[in-house]
1. Given the convex hull of the Cα atoms of the chain, what is a quarter of its surface area in nm²?
2. Summing +1 for each Lys or Arg and -1 for each Asp or Glu, what net charge is found among the other residues whose Cβ lies under 13 Å from the Cβ of ASN4?
3. How far apart, in nm, are two points set 7 Å out from the Cα along the Cα-to-Cβ line at ASP42 and at LYS108?
4. Taking 0.36 nm per residue of separation and subtracting the Cα-Cα distance, what length does fully extending ASN4 through GLN101 add?
5. How would you classify the stretch 1-66 from its alpha-carbon gyration tensor, with a ≥ b ≥ c the square roots of the eigenvalues: rounded for a/c under 1.5, else prolate if a/b is greater than b/c, otherwise oblate?
6. Treating only the Cβ atoms of Lys and Arg (+1) and Asp and Glu (-1) as charged, compute the dipole magnitude of the stretch 58-121 about its Cα centre; round to the nearest 20 debye.
7. Roughly how many nanometres apart are two label points built 7 Å out from the Cα toward the Cβ at ASN119 and ASP33?
8. Exceeding 19 Å between C-alpha atoms, which entries from my cross-link table qualify? They are LYS38/LYS108; LYS7/LYS115; LYS16/LYS108.
Amino acid sequence: MDENIIKKIESLAKTKFRGSFHLNKKMQEYVKDKGLDKIEKDTYDFIRSRLAPASPKNDGKQTPMRQVHPTFIAMHANGFCCRSCLERIHHIEKGRELTNQEVEYIVKFIIIWIKIETNNL
């Protein structure tokens, strides 16, 4: 487990906005039913399509805030919802495509958060 990610998750959870996001019972069941492999695959797809481009379509509004998919809730909880938050919170500058290493970091971070939310750590 990556201690730096855990510390960052704990820090973000203390903020009023980021700390307000949690997986409800339905989303926890969704994770359990689909399995973490499927959630991780979906997360890669969402990050590559919604966050990785240099200029994502509808940047700042591309991530749903409702309980549609656990990844979207995790994206808001951890500052991966748009390129501005990604730059401000994770110091990954906007205006360029994300590297494979950055995508890997984001997905790993999100999956750890989901594991914490579903008591799977």
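Any read-out appearing in this document is the output of simple, stated calculations on the displayed coordinates, not a laboratory observation. Because the structure is a prediction, the values reported are computed rather than measured. Here the Cβ positions follow ideal geometry from the backbone for every residue, glycine too, while neighbour counts run over all protein chains shown.
1. 6.8
2. 0
3. 2.3
4. 33.3 nm
5. Cα axes put the stretch 1-66 in the rounded bin.
6. 180
7. Taking the simple label geometry, ASN119 and ASP33 are separated by 2.0 nm.
8. Result: LYS16/LYS108 exceed 19 Å.
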